[in-house]
Amino acid sequence: MGKYLVKRVLQIIPVLLIITLIVFLLVNVAGDPTASMLPLDATEADRQALREALGLNRPLYVQYFDFLGDAVTGDFGDSYRYGKPAMELAWQRIPASVQLAGAALLFSIVLSIPLGILSAQFVNSPFDLVVSGVSVLGRAMPNFWVGIMLILLFSVELKWFPVSGSGTLAHLVLPALTLSIQSAAQIIPLIRSNMLSIMHEDYIRTARSKGLKESAVVCIHAFKNALVPVVTIVALEIPGLIGGALITETVFAWPGLGQFLIQSINNQDMSVVQVCIFLIALITLVANLIADIVYCLIDPRIRYS
C-alpha cells in the first residue's frame, strides 16, 4: 500500500508539468494582457515599455521556464487588477468553494443512496419508474436554470431563503441544492444498476440462506460491493463541484473559486486565471488519489502491485 501511494504521488508530478504547460500556452494565446492594463489612449511605445517591464517580450520558452520556476514555489505572479499575489487571492476563495462543494456532495449522497437502493429493491415498480424518470430529468436540466427556478420558488414566492450572497447557512442551501441535483441524478442510476447485478451473485444467495434479514443482506453485503463505481463518480464530482460550479456561483453571487475565475477571464487577469485553473487541476488529481485509496478500503479484492 505504501509503495503504491508513493508511485501514485510521483505520477502526479509529470501530469502537473503538462497542466502548467497547457495553462501557460492557453493564457498566452488568449490575448495581450497589457491591453487591459493601459488606458485606451496609450501609445505603442507605452505598450512596448510595459511588455518589457513584465518580461512579455522575451521568447515564449523562456517565459514558460520562468513561470514554471515561480509556480513551484507557489508564485504565479501578481494580479493585474488587484495588485496582489494571484495565489493569495485565489486561496482566499477556496474555503467558500469547499463549503459549497461539501454541502452539495452531502445533499447528493443523502438523496442518491437511499433512492438508488430502493429503486433496485422495487425494480420496475411505479416508484422505480418515477425515480428513473426524475434522474433522467435531473441530468438534462442545466444548473443555471435549476438555480433560477429555485430562487423564484423558495426566495421570491415562499421567501424561505436569501436570493444570493453568503455568510449564513440559509445562503448555502439553494446553491448547494442546485449543484446536488445533477450530481445525484448521475449517482442514482449507477447505484441501481450495480445493486441489480450484485443481488444475483452467489454470496448474496448464501447470505440469505443463512437466515439474515433482507435489510442486512442489502446494506452490508450488496451495497458495500456496489460502492466501488460510486466512489469513482464521487471523486470525479468533487473537482467539478469546487471549480466547475462557475454558473451556479455566478447566479447566486457565491464568492467561490468558480465565480472568481469567471471574473478574472472577463478582466483578462491572466495570472489569476492561471492559478485558478492550476488549483482546480490539482484538486482533481488529489480527488482521484483519494478515490484509489478508498478502493482498497472498500473492496479487499482490489490489489495493487
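A few notes on this one:
- Exposed loop sites here mean trypsin sites (Lys or Arg not before Pro) with a DSSP loop assignment and at most 11 other beta-carbon atoms within 10 Å; the chain contains its longest site-free run at 1-158.
- Candidate aspartates and glutamates for bridging to Lys210, where Cα separation is under 13 Å - those fewer than 8 sequence places away on the same chain excluded: Asp202
- The chain: most fluctuating residue of Ser209, Ser271, Ser193 per GNM, C-alpha cutoff 10 Å: Ser209
- Among the DSSP helices (H) of the chain, those spanning at least 24 angstrom by Cα along their long axis with an average Kyte-Doolittle hydropathy of -0.5 or more are 2-29, 86-121, 169-198, 223-243, 270-298; this is a geometric and hydropathy rule only.
- Placing +1 on the Cβ of every Lys and Arg and -1 on the Cβ of every Asp and Glu, with nothing else charged, gives the stretch 113-217 a dipole about its Cα centre of roughly 160 debye.
- Principal axis dimensions, the stretch 42-143 - Cα atoms, whole angstrom, descending: 73, 26, 26
- Diffusion coefficient of the stretch 157-291 by Stokes-Einstein, Kirkwood radius over Cα pairs, 4 °C, 1.567 mPa s: 73 µm²/s.
- Chymotrypsin sites (Phe, Trp or Tyr not before Pro) within the stretch 72-126: DSSP coil, no more than 14 neighbouring Cβ in 10 Å: Phe122
- Separation of alpha-carbon centers, the stretch 264-295 and the stretch 158-186, rounded to whole Å: 23 Å
- √(5λ) per eigenvalue of the Cα gyration tensor, the chain, largest first, Å: 45, 26, 13
All of the numbers you see were taken from the coordinates with simple rules; none came from a lab. Just so we're clear, the structure is a prediction, and the values are computed from it rather than from any experiment. No Cβ is skipped: glycine too gets one built from the backbone with ideal geometry, and neighbour counts run over all protein chains shown.
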